[in-house]
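Read through the structure below, which is laid out as structure tokens, and then see the notes.
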Amino acid sequence: MSTLDEKISQLQEIIDSAKHIVFFTGAGVSTDSGIPDFRSQDGLYHLKYKYPPEEIVSHHFFVQNPEEFWEFYKDKMLNLDAEPNLTHKFMAECEKAGKSLGVVTQNIDGLHQKAGSEKVYELHGSVLRNYCTRCGQFYSAEYIKNSSGIPVCEKDGASIKPDVVLYEEGLSDPVIRGAIAAIRSADVLIVLGTSLVVYPAAGLINYFSGKHLVLINRDVTPYDSNADLLIQASFSDVFPKLHV
Ligand code: OAD
């Protein structure tokens, strides 16, 4: 059994010799930025609300209970003051150094881009984009945050929808195709901060056929036994010890 330091050294060697790293991320990479994840003990899905949080972020709930949806969404999912952490920055640096094909993320917080990543496949959309459901007019996240109650379009009064994939909604085809192409071209896939239980996102890692599948996560995942290198640790114990 290798120690954490030995595993970090192995990861450094993999990164040093990699040419086309793809990072596959989930909510865990943003917890060090103060944004709770979903399924950890202090995650959003363990909150006591009038409705189960997992149901609140579903399409039928958005349509049937807009007031409760927006209250939860504005309070818990719009973290507009959050700043990228060392883990986001490390991934961005890999891309700048020409070592990474980009990030495939389930996150909707925009922190990869804020850290400097340019190629980001946002499987579940982004809170930073919002559109009128009738005329398609764009609205910023600040507009949503500052609206009272249900945000509506200034032009036609119709409701606005965040460009976020809710349960029961499909993922964007071009984004999925781009993510699959990147994963297929990767020689190293580093999966981090995700419980890997939400599909179709989690299934995309099966398209990887490169040299090293690395999985870094605090808790166990259903894909742990598939990893060539499994690092079960907090990111704050790993990324400060790595360099690009
Ligand atoms: P989860 O909350 O399911 O998983 C986050 C994982 O990150 C957990 O397994 C934690 O152990 C790990 N983690 C958290 N903080 C960490 C840290 N500082 N260091 C190391 N590991 C850490 O989040 P996701 O897998 O992203 O979808 O959830 C997937 C999807 O479920 C989300 O995109 C969202 C949600 O429903 C939609 O809203 C459509």
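The values are calculated or read from the model by the stated rules, or taken from the named source; none is laboratory data. Note that this is a predicted model, so its numbers are computed, not measured. Counting neighbours? That spans all protein chains shown, and the Cβs are built from the backbone with ideal geometry, glycine included. Each accessible area value is taken on the protein alone, full model and side chains, heavy atoms only, with ligands, DNA and RNA left out. Shrake-Rupley method; radii C 1.70, N 1.55, O 1.52, S 1.80 Å.
Below, the figures for the structure above:
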| read-out | value |
| --- | --- |
| Whichever residue in segment 143-166 is among the charged types (D, E, K, R) and under 14 Å from Tyr73 (Cβ atoms) and, among such residues, is nearest to the ligand (Cβ to nearest atom) | Asp163 |
| Sole residue being within 12 Å of the ligand (Cβ to nearest atom), buried (at least 16 other Cβ atoms within 10 Å of the Cβ) and among the acidic types (Asp, Glu), chosen from Glu169, Glu122 | Glu122 |
| Verdict on His243 being away from the ligand (no atom under 11 Å from the Cβ) and open to solvent by 70 Å² or more (accessible area, probe 1.4 Å) | yes |
| Scope segment 25-71; condition in contact with a Phe, Trp or Tyr (Cβ under 8 Å, 6 or more places away or on another chain), crowded, with 20+ Cβ neighbours inside 10 Å and within 19 Å of Asn130 (Cα to Cα); matching residues | Ile56, Val57, Phe61, Phe62, Phe69 |
| Identity of the residue in segment 190-204, outside any loop (DSSP other than H, G, I, E, B) and under 11 Å from Phe23 (Cβ atoms), that ends up farthest from the chain's Cα centre (by Cα) | Ile190 |
| Complete set of residues in segment 182-213 that are within 12 Å of the ligand (Cβ to nearest atom) and of a type in the set (Ser, Thr, Tyr) | Thr194, Ser195, Tyr199 |
| Test: residue in segment 130-144 that is part of a loop (DSSP other than H, G, I, E, B), open to solvent by less than 40 Å² (accessible area, probe 1.4 Å) and touching a residue at least 40 places away in the same chain (Cβ under 8 Å) | no |
| Failed item, numbered, when Leu229 is tested on (1) touching a helix residue (DSSP H, G or I) at 6+ places or on another chain (Cβ under 8 Å); (2) farther than 22 Å from Glu122 by Cβ; (3) exposed (fewer than 14 other Cβ atoms within 10 Å of the Cβ) | (3) |
| Segment 41-77 - residue that is more than 16 Å from the ligand (Cβ to nearest atom) and assigned to a loop (DSSP other than H, G, I, E, B) and, of those, modelled with the lowest pLDDT | Lys48 |
| Condition check for Ser209: more than 24 Å from Leu166 (Cα to Cα), assigned to a loop (DSSP other than H, G, I, E, B) and not acidic (Asp, Glu) | yes |
| Among residues of segment 166-197, those that are of a type outside the set (Gly, Ala, Ser) and either free of Cβ contacts under 8 Å to residues at least 40 places away in the same chain or more than 30 Å from Val244 (Cα to Cα) (or both), counted | 10 |
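Here is a yes/no grid of residues against (1) open to solvent by 30 Å² or more (accessible area, probe 1.4 Å); (2) in contact (Cβ under 8 Å) with a residue 24 or more places away in the chain; (3) not in a helix (DSSP H, G or I):
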position	(1), (2), (3)
Asn79	yes, yes, yes
Pro84	no, yes, yes
Met91	no, yes, no
Asn107	no, yes, yes
